[in-house]
Amino acid sequence: MFSSNRVTKLLNVKYPIVQGAMAWVADADLAAAVSNGGGLGIIAAGNMPAEMLEQELLKVRRLTDKPFGLNIMLLSPTWEDAMELAAKHRVPVVTTGAGLPGKVMDRLMPLGTTVIPVIASIAHAERVRKQGAPAVIAEGMEAGGHIGESTTMALTAQIAKTVDIPVIAAGGIADGRGMLAAFALGAEGVQMGTRFVVATECNVHENYKKKILAANDHSTVITGRALGHPVRSIKNKFTQQFQEMEDNRVTIEELDKFGSGRLRAAVVDGDVDQGSVMSGQIAGLVDRIQPAAEMIEEIVHEAAGLAKDIYGRFA
Ligand code: TUI
C-alpha cells in the first residue's frame with residue numbers, strides 16, 4: 001500500500017496521514033500514538049515554554065522509534081526557541097503554521113530536517129516551493145483554529161495543479177471519505193486534527209472531547225476576523241461574547257486581552273463555556289473515542305474500499 005506515494009517516502013511512514021498540530025492538545029503521548037499507528041504524529045510547540053517542550057521531545061523518543069514531527073506556530077513569541085530545540089534534538093519533521101516559514105527553513109533544512117509549511121493560499125505555496133519546501137500542507141478554512149479564507153476543496157485542487165511538490169490536504173477531513181476526496185483533488189496525503197482530539201491517547205480534558213463528540217455541522221463559528229487572525233471554534237458563551245465585542249468594534253487590545261488564555265482554559269481546565277474549544281467543521285462526523293492506531297487503520301481501509309466502489313459507480 002502507498003508504495004509510490006511521495007508523502008510516505010518523504011516522511012518515512014507507513015500511511016500518508018499526518019496528525020494536525022493543536023496547541024496544548026498535541027503532546028508527546030498523542031504524537032507517539034499516531035506515529036506508532038503508522039502515521040506522522042506531531043507535537044505542537046504552540047506557546048509552550050522551552051523547558052516543557054524539551055521534556056515532550058525527550059518523551060516522544062521514549063514512546064516511539066518512528067518518525068515524528070514538531071509544529072512551530074509562527075505567531076508565538078517562543079517560535080525561535082522551538083526552532084532551536086528542533087535543531088538540538090534533530091527532530092525529523094517540522095511543520096510551520098500561521099506565518100511565513102523562511103527563517104525556519106533556512107535554519108533547519110541544512111541539518112536534514114524535513115520542513116513542511118502549512119499554507120492557506122496558492123501564493124504562499126509557490127513561495128515556499130521556491131524556497132525549497134519538499135511538500136506543503138494545504139489547509140482549508142474548514143479546519144479548526146487559525147484559518148485562511150479558501151476551502152479545502154478549492155485550495156487542494158488549485159495548489160496541486162500549481163506546484164509539483166506533494167500536497168497534504170487539511171481541513172474538513174476526518175475519515176476515509178475525506179481522505180479519498182482529498183486524493184481525488186490531487187493530494188497525496190492528509191492531515192487531520194479534530195478526529196485525533198478524541199483519540200484515547202489524547203490528554204485533552206474530557207469536557208473538550210465531549211464537545212467534539214456532541215457537535216453537528218453547525219456547531220463551529222469563526223471569530224477574530226477583526227484581529228486579523230480568524231479562528232474556528234465550537235460556539236459557546238465565549239465565542240458569543242467575543243462576537244458581540246467584535247460587532248461593537250471594541251479595540252483590538254481589548255479583544256486580544258479578552259481572548260488570551262482561553263484555549264488553555266478549555267484544553268487543560270475543561271472550561272468549555274468560557275474557554276476556546278478550537279475544532280474543525282467536520283466535528284459532526286466525529287462520534288467515537290478510539291485508539292489513534294485504530295482510527296488510522298479504519299480511515300485507510302475505508303478510503304481504499306471506497307476507491308474501488310467509486311470506480312464501479314463510473315462503470
Ligand atoms: O496555524 C494554524 N492553526 C492554528 S495556530 C493556533 S494558535 C492561535 N491561537 C489564537 C490565535 C491565533 C492562533 C490555532 N490554530 N494553521 C495553519 C495555518 N497557517 N492556517 C493559516 C495559516 C497561514 C496564515 C497566514 C499561513 C501563512 C500565513 O502567512 C501570512 C503572512 O503573510 O504572514
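The values are calculated or read from the model by the stated rules, or taken from the named source; none is laboratory data. Remember, it's a predicted structure, so these values are computed and weren't measured experimentally. Just so you know, the surface numbers come from the protein's heavy atoms only, side chains and all, with ligands and any DNA or RNA stripped out. Shrake-Rupley method; radii C 1.70, N 1.55, O 1.52, S 1.80 Å.
Within the straight-line cut-off of under 22 Å between alpha carbons, the lysines reachable from Lys211 are Lys235, Lys237, sequence neighbours fewer than 8 places apart in one chain being disregarded.
Summarising the amide proton neighbourhood of Asn236: residues at separation of 5 or more, or on other chains, whose placed amide H is nearer than 5 Å comprise an empty set. A 1.4 Å probe run over segment 72-142, with the rest of the protein chains in place, finds 41 Å² accessible per residue.
Please compute the length gained on full extension between Lys257 and Leu75, using 0.36 nm multiplied by the number of residues separating them and subtracting their Cα-Cα distance. Computed gain between Lys257 and Leu75 is 63.9 nm. Ranked from largest to smallest solvent-accessible area, with a 1.4 Å probe on the protein heavy atoms, Asp247, Asp27 come out as Asp247, Asp27. Across segment 52-63, computed HN-Hα scalar couplings (Karplus, 6.51 cos²θ - 1.76 cosθ + 1.60, θ = phi - 60°) run 5, 5, 4, 4, 5, 5, 5, 5, 4, 6, 6, 8 Hz from first to last residue, x flagging Gly and Pro. Here the Karplus curve 6.51 cos²θ - 1.76 cosθ + 1.60, taken at θ = phi - 60°, turns the phi angles of segment 254-264 into couplings of 5, 5, 4, 5, 5, x, 5, x, 6, 5, 4 Hz, with x standing for Gly and Pro.
Roughly what % antiparallel, to the nearest 5, for the DSSP beta bridges in segment 158-315? Rounded to the nearest five, the antiparallel share is 55 percent. With a 1.4 Å probe rolled over the protein heavy atoms of all chains, the accessible area of Lys308, Lys235, Lys211 falls in the order Lys308, Lys235, Lys211, largest first.
Which lysines have a Cα less than 18 Å from the Cα of Lys59, not counting those fewer than 8 places away in the same chain? The reachable lysines, counting only those whose Cα sits under 18 Å from Lys59, are Lys88.
May I ask you to rank Glu142, Glu294, Glu149 by accessible area, largest first, using a 1.4 Å probe over the protein chains only?
Largest to smallest exposure gives the sequence Glu149, Glu294, Glu142.
In nm, what is the difference between 0.36 nm times the number of residues separating Glu149 and Arg177 and their Cα-Cα distance? Contour length minus the Cα-Cα distance gives 7.8 nm. Solvent-accessible area assigned to carbon and sulfur over the chain amounts to 52 percent, based on a 1.4 Å probe. Here's how it looks for Thr95: its modeled amide H is under 5 Å from those of Leu70, Asn71, Ile72, Ile116, which are all 5 or more places away or on a different chain.
For the chain, DSSP calls about 20 percent of its internal beta bridges antiparallel. In order along segment 102-107, the Karplus-derived 3J(HN,Hα) couplings, from 6.51 cos²θ - 1.76 cosθ + 1.60 at θ = phi - 60°, round to x, 5, 5, 5, 4, 6 Hz, and Gly and Pro are given as x. Among the listed pairs Lys130/Lys161; Lys9/Lys66; Lys66/Lys161; Lys210/Lys308, a Cα-Cα separation exceeding 24 Å is found for Lys66/Lys161; Lys210/Lys308.
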